[in-house]
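The values are calculated or read from the model by the stated rules, or taken from the named source; none is laboratory data. No experiment lies behind these values; they were computed from the predicted model shown. Here Cβ is always computed from backbone atoms with ideal geometry, including for glycine, and neighbour counts include all displayed protein chains. Areas reflect the complete protein model, heavy atoms only, side chains present, ligands, DNA and RNA absent. Shrake-Rupley method; radii C 1.70, N 1.55, O 1.52, S 1.80 Å.
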Amino acid sequence: MDIRSERIISLKALIVHNSACHVSVVNDSISNLINALNSKDVATVYADSADDAAAVLNNDETIELVLLDWVMSDSEQNNESAKRVIQSLRRKNQSIPLFLLLDNRQAENLNHEIMRETDELIWVQEDTPFFLAGRIHSAILAYRDKIVPPLTRAIFEFAEKYEYSWHTPGHAGGTAFMKSAVGRAFHDYFGENLLRSDLSISVGELGSLLDHSGPIGDSEKFCARVFGADRAYTVTNGSSMSNRVIMMSSVARDDYALCDRNAHKSTEQALTMTGVIPTYLMPSRNYLGIIGPVYARQLSGDAVKEAIASNPLATDKNKKPLHSIITNSTYDGLTYHVPTVIKQLNSSVDRIHFDEAWYGYARFNPLYAERFGMYGEPDDYPRDLPTIFTTTSTHKLLAALSQASLIGVRDGRNSVPHERFNEAYMMHASTSPLYPIIMANEVSAEMMRGQSGQHLTTESITEAVRFRQAVRRIRRELQENDDWFFSTWNADFVPDPESGKKISFEDAPLSLLVTDPRCWELREGDIWHGFKGIEDSYCMLDPIKVSVVMPGVATDGSLENAGIPAALVTAFLSQKGIQVEKTTDFTILFLFSLGITKGKYGTLINALLKFKDAYDNNIPVKHLLYAHEDECPEAFKNKGLKDLANEMFLFFKETDLIKVQEKAFTILPKPVLTPAEAYIRLVHNDIETVSVDDLYNRTLATGVVPYPPGIPMIMPGENAGDKDSPYIKYLQILQLWDRRFPGFGHDIHGVENKNGVYYVQCLKESI
Ligand SMILES: *Cc1c(COP(=O)(O)O)cnc(C)c1O
């Protein structure tokens, strides 16, 4: 197949050659070879030492072949330079073609190891430059052929045929857009290739997403292999759809399911659609308000029985749950030891569903071994254990397009066979999926396959660790002078594998922190994580999800004398063009994703230092937090940054916000109706709007999810409780905050803020 076309970037080879240690006829031959390559549209990049070559290989991902001079120096005995190039190349990429350039002197020292890593040996003086250039050209094309996954290849090939379209989509490869000015602008913006790849399901040779046939089916099989699943399903409406499909295939009305209370909205919707009766698993929560894992002991057979026994909706106390859903990792990067989860749940459920929307890279770095649903190899999975489902938003932390998601299935006990599963799948899928989304799924998989996944993930982890160490070193230096700085949420000390002693995080070698999971595991009794009584090594913090911690909260959850609410820092960073992932009361989450560029964190540290200076000097907020001074609310016009921080911090103290929040998120409200029953009332308009102050003893029609922490405080069909209700109290405090601090308001799903009053949808009659 020739997938070289005007659509694809030109071919490129790296030539590693040191002319100083060759006679001129050899150098002439190499020059001629380069000319011949260029005439065949193969661009060449040049490096004249091993270091130079390593730098090019690290920075230029478009190189598709390496031509390496076996003799790089007159002074070395054992061709060390060339060997180093081979090593660094193969560490990163096993399959890129490597041609070794030899002159007539030097074939000794070529042992079998070197030969194994090499694809071809060429004697530059023996063959003509055009012949050699031809071989190189074909090797590059063969390599491309190998790395392009099935559907992408089929689409590339299809585009080459330039067929007339007599089917939908009606824009017919983009030509309809050319008939108007706005259409033309749209066409030019995205380019012809995207529009010509937007094809109908009636193009039979591309297969079908709904019956998983042809190149689309091959694409799913390819993804299954890469992610370690027995089966994979490509999804074009996000993991939101994936979660709903899995639940719909596994449970039906009045079945029982176990459900992590820390679950995404799509899980709540799946509960509504299926009519299942959920029993919630309550996750832990620490002094910073970070939501942790559901402890292992809560997953034991006895604990599950007890949870069902105390669930008023689960009236048949002998009925077993069929399905269990767990969020792995959590938003803040807490990951489960999956074999332990399976062992614990084994006696209770036949199917375990890990929502791994934020965690698609886990398989590709040994740091995360056994901490993701598809751990190990499918062939090694004992089939009498529960069936495992996973959902991955490939667009979130792998390089795919928005809406791309993958479902993985590992068949164990009481699995859902493909035919049955597909009924649920088709219920949620469009009959007209966008092919570039499906292509992006398999491209994201190919990018992670083999060595390159480990290379890419190691890069993100390394940058995250460097950032964490840098912040903590600055903090240590400043603290020595009784000054303050931010911190990062991770262990203060890590075990040194050589001495067995503990070394401080900021002094630990980078290589240790990047590769040793023990540096990130939560241990019982360690103070930093704050999850009391957590089982040793059951949970691991993912280094790439970095929570920066504000000063102000002690590890026992009490508030210190002064502190800085994170919302202020986020507002400050935003004015500096830095957008964060998530802000809680006293932490800010930064993601070190695959898209990270080296040293990007330097700008962030810089901005944090600038915040510190502005805070210490109490600079007026009107100059700091707003694009234009007149956007600053009247109430803050004369306030400095420190004044405002103090005022906010005092609010936390006076309202006891942290303690109230803890209660609201650790005690389950009383369920009155299932989410499905509450939804029926909603559809029948059997509901009314109720203000927060009147919420006592009311049952909610829609859920309430405050951000942070972003987990449901009250689910649809649950009762808000009586006069002592922590839920109502918490909402009242947030309501008061929103009035006092305009512009710093809370985002609460399920709550409407009308002129400073919070309203919630409740069922009409109280039950
Ligand atoms: C984002 C997210 C989803 C939904 O994924 P989309 O691809 O955005 O539809 C599901 N679960 C969790 C935990 C998420 O964070």
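Okay, here's what the table says:
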read-out: Residue identified as in contact with a Pro (Cβ under 9 Å, 6 or more places away or on another chain), small (Gly, Ala, Ser) and either in a helix (DSSP H, G or I) or more than 16 Å from the ligand (Cβ to nearest atom) (or both) among Ala224, Ala185, Ala252; value: Ala224
read-out: Flag for Ser393 being open to solvent by 10 Å² or more (accessible area, probe 1.4 Å), of a type in the set (Ser, Thr, Tyr) and either under 16 Å from Ala232 (Cβ atoms) or under 13 Å from the mean Cα position of the chain (by Cα) (or both); value: no
read-out: Which listed residue is free of Cβ contacts under 8 Å to residues at least 40 places away in the same chain and open to solvent by less than 30 Å² (accessible area, probe 1.4 Å), from Gly207, Gly170, Gly174; value: Gly174
read-out: Exclusive hit being among the polar types (S, T, N, Q), touching a helix residue (DSSP H, G or I) at 6+ places or on another chain (Cβ under 8 Å) and within 21 Å of Leu271 (Cα to Cα), set Thr655, Thr702; value: Thr702
read-out: Residue count, region 255-269 (criterion: near the ligand (Cβ under 9 Å from one of its atoms) and open to solvent by less than 10 Å² (accessible area, probe 1.4 Å)); value: 2
read-out: Criterion: away from the ligand (no atom under 12 Å from the Cβ), assigned to a loop (DSSP other than H, G, I, E, B), under 28 Å from the mean Cα position of the chain (by Cα) and not aliphatic (A, V, I, L, M) - qualifying residue of Gly373, Gly360; value: Gly373
read-out: In region 536-557, residue modelled with the highest pLDDT [restricted to those that are within 25 Å of the chain's Cα centre (by Cα) and polar (S, T, N, Q)]; value: Ser547
read-out: Of all residues making up region 369-395, the number that are in contact (Cβ under 8 Å) with a residue 40 or more places away in the chain and over 16 Å from Val226 (Cα atoms); value: 5
read-out: Some residue of region 321-339 being closer than 16 Å to Asp411 by Cα, surrounded by fewer than 21 Cβ atoms within 10 Å (Cβ to Cβ) and free of Cβ contacts under 8 Å to residues at least 60 places away in the same chain; value: yes
read-out: Of residues in region 74-92 being of a type in the set (Gly, Ala, Ser) and in contact with a Leu (Cβ under 7 Å, 6 or more places away or on another chain), the one least open to solvent (accessible area, probe 1.4 Å); value: Ala82
read-out: Output for region 648-665, where each listed residue is out of contact with any Lys or Arg (no Cβ under 6 Å at 6 or more places or on another chain) and either farther than 30 Å from Ala309 by Cβ or not in a helix (DSSP H, G or I) (or both); value: Met648, Phe649, Leu650, Phe651, Phe652, Lys653, Glu654, Thr655, Asp656, Leu657, Ile658
read-out: Filtered residue count, region 509-535, keeping only those that are within 26 Å of the chain's Cα centre (by Cα) and either closer than 23 Å to Glu356 by Cβ or surrounded by 15 or more Cβ atoms within 10 Å (Cβ to Cβ) (or both); value: 18
read-out: Condition met for Asp316 (part of a loop (DSSP other than H, G, I, E, B), open to solvent by 20 Å² or more (accessible area, probe 1.4 Å) and either farther than 30 Å from Ala400 by Cβ or assigned by TED's automatic domain parsing to the domain that holds Tyr375 (or both)); value: yes
read-out: Sole exception among (1) more than 16 Å from the ligand (Cβ to nearest atom); (2) buried (at least 24 other Cβ atoms within 10 Å of the Cβ); (3) small (Gly, Ala, Ser) for Ser242, by number; value: (1)
read-out: Strands (runs of 3 or more DSSP E) lying entirely in region 1-70 (those with 1 or more residues that are modelled with pLDDT of 90 or more and surrounded by fewer than 21 Cβ atoms within 10 Å (Cβ to Cβ)); value: 11-16, 42-47
read-out: Residue check for Ser95: open to solvent by 30 Å² or more (accessible area, probe 1.4 Å) and not in a helix (DSSP H, G or I); value: yes
read-out: Candidates Asn193, Asn237, filtered to the one that is within 16 Å of the ligand (Cβ to nearest atom) and either open to solvent by 50 Å² or more (accessible area, probe 1.4 Å) or modelled with pLDDT under 95 (or both); value: Asn237
read-out: Residue in region 651-661 that is free of Cβ contacts under 8 Å to residues at least 24 places away in the same chain and within 28 Å of Ile711 (Cβ to Cβ) present; value: yes
read-out: Flag for Pro283 being assigned to a loop (DSSP other than H, G, I, E, B), out of contact with any Phe, Trp or Tyr (no Cβ under 8 Å at 6 or more places or on another chain) and within 29 Å of His529 (Cα to Cα); value: yes
read-out: One residue from Ile680, Ile687 being surrounded by fewer than 20 Cβ atoms within 10 Å (Cβ to Cβ), in contact with a helix residue (DSSP H, G or I) (Cβ under 7 Å, 6 or more places away or on another chain), outside the structural domain of Ala554 (by TED's automatic domain parsing) and not small (Gly, Ala, Ser); value: Ile687
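Conditions (1) part of a helix (DSSP H, G or I); (2) in contact with a Leu (Cβ under 7 Å, 6 or more places away or on another chain); (3) at pLDDT below 95, marked per residue:
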site	(1), (2), (3)
Gly408	no, no, no
Met426	yes, yes, no
Pro436	yes, yes, no
Ser444	yes, yes, no
Gln454	yes, no, yes
Glu463	yes, no, no
Ala470	yes, no, no
Leu478	yes, no, no
Trp484	no, yes, no
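Residue-by-condition table, conditions (1) outside the structural domain of Pro339 (by TED's automatic domain parsing); (2) within 16 Å of the ligand (Cβ to nearest atom):
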residue	(1), (2)
Thr390	no, yes
Thr394	no, yes
Leu401	no, yes
Gly408	no, yes
Asn422	no, no
Ser432	no, no
Ser444	no, yes
Glu463	yes, no
Arg466	yes, no
